[in-house]
Each structure stands twice: as structure tokens, then as C-alpha cells.
1. Find how much the distance from ASN79 to TYR142 grows on full extension, using 0.36 nm per residue of separation minus their present alpha carbon separation; answer in nm with one decimal.
2. Per DSSP helix of 4 or more residues, -39500 (n - 2.57); summed, then divided by the residues of the chain. What does that give at 222 nm, rounded to the nearest 500?
3. For a test of understanding, tell me how many lysine pairs in the chain have Cα atoms under 13 Å apart, given they are 8 or more places apart or on different chains.
4. Fully extended, how many nm does the chain gain between LEU121 and SER16 (0.36 nm per residue separation, minus their Cα-Cα distance)?
5. How large is the dipole of the chain about the Cα centre if only Lys and Arg carry +1 and Asp and Glu carry -1, each at its Cβ, rounded to the nearest 20 debye?
6. What is the distance in Å between the Cα centres of the stretch 64-80 and the stretch 83-131?
7. Seen from all sides and averaged, what is the projected area of the convex hull of the Cα atoms in the stretch 1-55, in nm²?
8. Pick out, from CYS110, LEU89, LEU25, the residue whose Cα sits farthest towards the positive end of the charge dipole of the chain, with +1 on the Cβ of Lys and Arg and -1 on the Cβ of Asp and Glu.
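What follows is calculated from the coordinates using simple rules that are stated; it is not laboratory data. Small disclaimer: the values here were computed from a predicted structure and weren't measured. Heads up, the Cβs are rebuilt from the backbone with ideal geometry, glycines too, and the neighbour counts pull from every protein chain shown.
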Amino acid sequence: MPEQWKLLHESSLTLSDLPVAAKQLVNLSKGQVVWLLHGEMGSGKTTLVKSLMKELGIASLVTSPTFSIVNEYGESEENTVYHFDFYRLKNETEALDIGFEEYLTSGKLCLIEWPEKVINLLPEKVFEVKIEFHDAVSRKIYFRTHE
């Protein structure tokens, strides 16, 4: 049974707050390697991933994998991170075709945007992050854990 959604920070967060938010989320994830990133188009999911990569010490250029479906970040096998964007997926078979199950069982951090598109393929143990618009420049970030 998943925990209830918890608000990361009482006040809304702006772009300049993302490094601190990323650090908090990494600590709260308790080492879980499958993260589900929820939020409307343009809410800041990929921007949060950029901050997460900096927090993890990964200097790779972070871009949205909307067209490539998956991007790989990291300078070595030890710090590899997979970033998925399933917005354009028509069905779960397309995720299977790119080897999604192998990514999930790799033990590497998997950050998944639009996870509802692959809901039946996800493991039970995940860390979820939800970004909601507060206003034009700020967001509310929520999290919960499934163990």
C-alpha cells in the first residue's frame, strides 16, 4: 500500500529552489531506483531531472527524451541514470520493444515521465514525485513511497 502524498515544502518552489528540492528528494527516496514523475505538460519534470543529475554529481547534458523515449546519463557504468518520457507512447508494447523491463531490472536509477502509460509494467516498489502548478513561476512538489 503506498503512503499518502506528502508535500515536500510548505511554500511553493521556484526554479532557484530546485537544487534543494532535488537533494531532499534523493534523501527521501531511500535509495529506490524507480522514480515515477507525474505532472502536466510543462510542469517542470525534465527541469527537476536536471537538478537531480547535478545533485547526483552527473554532468551530462539533460534533455527531454520525448522523441527518443529514453536518454542515458552518466560518465560511467556506476553512475548511469535512465530518463524515460512515455508521453508519445501509444501502448505498453512500445515500451517492451525498447527493452523497458531490462532497464527496470538493471539496478540503475530510472526516472519515468508519464508513468501512467506503462502502469502494468512498473514494479511495486517505486518512489513517486508529483509536480503541480501553483502559479506561472512556482510549483508544489509532492512525494510518496511504495515499498
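1. Values: separation 63, 0.36 × 63 = 22.68 nm, distance 2.55 nm.
Taking 0.36 nm per residue and subtracting the Cα distance, the gain is 20.1 nm.
2. Values: 4 runs with 33 residues, N = 147.
One gets -6000 deg cm²/dmol as the mean residue ellipticity at 222 nm.
3. For the chain, the number of qualifying lysine pairs is 9.
4. Working: separation 105, 0.36 × 105 = 37.80 nm, distance 3.44 nm.
Difference between extended and current length: 34.4 nm.
5. Values: 15 positive and 22 negative charges, 85 e Å.
Dipole size: approximately 400 debye.
6. Each part's Cα centre sits 13 Å from the other's.
7. Details: hull surface 17.8 nm².
Reported value for the Cα convex hull: 4.4 nm².
8. LEU25
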